[in-house]
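The values are calculated or read from the model by the stated rules, or taken from the named source; none is laboratory data. None of the values given here were measured: they were computed from a predicted structure. Methodologically, a virtual Cβ is constructed for each residue, glycine included, from the backbone with ideal geometry; neighbour enumeration extends over all protein chains shown. These accessible areas exclude ligands, DNA and RNA; they are computed on the full protein's heavy atoms, side chains included. Shrake-Rupley method; radii C 1.70, N 1.55, O 1.52, S 1.80 Å.
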Amino acid sequence: MTATPPAPAERASIERASIERVLLADIGGTNARFALADTSLETPLIVDSVGEFAVADFPSLADAAQHYLDKTGATAQNGVFAVAGRVDGDEARITNHPWVISLSRTRSALGFDAIKLVNDFAAQAMAVSLLTPADVVPIGGARWSPAPASVNKTYAVIGPGTGLGVGGLIVRDGRRYPLETEGGHVSFPPGTPEEIEILEKLSAQFGRVSNERLICGPGLVNLHRALSEIAGEDPGPMQPADITARAAAGDRRCMRTLDVFCAVFGAIAGDLVLSAGAWDGVFLTGGLVPKLLSSLQHSGFRQRFEHKGRFSPAMSRVPTLAVVHPRPGLLGAAAFAVESFGVK
């Protein structure tokens, strides 16, 4: 008996489904996160498809992606891969991990039709267009609500994790333009006598001191060591988790480390508004933000953010929003998937 071929509408649905399923990746210096996107959906990220692996467990991005596909039984012909490093044409280097990613070799290894390779903070920026009020917690009194794409907006995105990522999103005439930057490597500008001393200690160790030397997980350790050296003490080996745990237990130097971290973070975020013209809001993302949410809310973050001389009144109206969505990098990759591989 000959099987009945699918009706045209059913066949179109099958073809549409095969086209719309896109493999997403969010690759940091520590973790590789994968998921699938359905570009036909208003919220394209398929939340229950997320898988996370240590990048150190795989020799390449292609190996990690293939492991995800094999483990989940998923299939895809296109991908959007967001990576924590500068994308230069066909190639990207992970800033805080030895992976060097070739787009063409990765596409060939996976047998994909196409892969879009983007900076991880370009993905974080694109995620802004899909965030809801439930996905953010305001730091300070300035409020934010999502705007339709028809309304022109300029946003900044900054986030500490293994490193410090910086990006932006420009919305003009219904189109989204993410900005890929390496703003985490801008030189650190101290704003208090204590921060000048910290800079001197870190300069003796690193030479040039970037914002990333302070505002990231390893930056917590750098700050704690600098404050300890200023006090004439050797803190011994520490991990970021040690500092946050001891701060919670009442250790004064660790508490001071978090205070300085939040204040410097606020000052840097405010500088980003001025340099990028991001008057519509700054989104604070990265792995450390949810962990330090209470510290950010009860610290000098917002005071230093607004403290910009003649522009302080304008800065007081700019929202600063801690992103608490669990997978903003994958959310942004899904937004890219819609633009790159969605049905036009």
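When +1 charges are put on Lys and Arg Cβ atoms and -1 charges on Asp and Glu Cβ atoms, the dipole computed for segment 229-310 relative to its Cα centre reaches about 260 debye. Relative contact order, whole percent, for segment 63-124 stands at 38, derived from Cα pairs under 8 Å and 6 or more residues apart. Compute the Cα gyration tensor for segment 220-344, then decide on rounded, prolate or oblate, letting a ≥ b ≥ c be the square roots of its eigenvalues: rounded whenever a/c is under 1.5, prolate when a/b is larger than b/c in the other cases, and oblate in all that remain. It comes out oblate by the Cα gyration axes.
Here the Kirkwood formula puts the hydrodynamic radius of segment 42-197 at 18.0 Å, using every distinct Cα pair. Partner lysines whose Cα lies under 25 Å from the Cα of K308, excluding those fewer than 8 positions away in the same chain, are identified as K153.
Surface exposure of the chain, expressed per residue as accessible area with a 1.4 Å probe, stands at 46 Å².
Compared with the dominant principal axis of the Cα atoms in the chain, helix 328-341 is inclined by about 40°.
Once divided by 2.2 N^0.38 Å, the Cα radius of gyration of segment 260-333 becomes 1.10. Just to compare against my own numbers: the Cα pair-distance distribution for segment 76-155, 10 Å bins, whole % per bin, please. The calculated distribution, bin by bin, is 15, 35, 26, 20, 4. Pop out the carbon and sulfur fraction of the accessible area of the chain as a percent, whole number, probe 1.4 Å. On the chain, the fraction of accessible area on carbon and sulfur atoms equals 52 percent. Within the chain, antiparallel bridges make up roughly 70 percent of the DSSP beta bridges whose residues both belong there.
The phi torsions of segment 217-231, fed into the Karplus equation with coefficients 6.51, -1.76 and 1.60 and a -60° offset, translate into couplings of x, x, x, 4, 5, 4, 4, 5, 5, 4, 5, 5, 5, 4, 7 Hz, rounded to whole numbers, with Gly and Pro shown as x. Between T30, A156, V324, the Cα set farthest toward the positive side of the dipole of the chain (charges on each charged residue's Cβ, about the Cα centre) is that of A156.
Here the Karplus relation 6.51 cos²θ - 1.76 cosθ + 1.60, evaluated at θ = phi - 60°, turns the backbone of segment 34-47 into coupling constants of 10, 6, 10, 10, 10, 6, 8, 8, 5, 10, x, 5, 8, 4 Hz, with x for every Gly and Pro. Based on every Cα atom in the chain, Rg and the maximum pairwise Cα distance Dmax equal 21.6, 87 Å.
For I139, the residues whose amide H sits under 5 Å from its own are T320, L321, A322, ignoring neighbours fewer than 5 places away on the same chain, with H placed 1.01 Å from N. Peptides 261-268, 221-228 ordered by packing proxy, namely the average of other Cβ atoms within 10 Å per residue, highest first: 261-268, 221-228. Shape summary of segment 130-240, radius of gyration then Dmax from alpha carbon positions: 18.2, 57 Å. Each peptide in 50-57, 21-28, 181-188, 100-107 gets a packing score, the mean of other Cβ atoms within 10 Å over its residues, and the list from highest to lowest is 21-28, 181-188, 100-107, 50-57. For N119, the amide hydrogen comes within under 5 Å of the amide hydrogens of V83, V87, counting only partners 5 or more places away or on other chains and with H modelled in the peptide plane.
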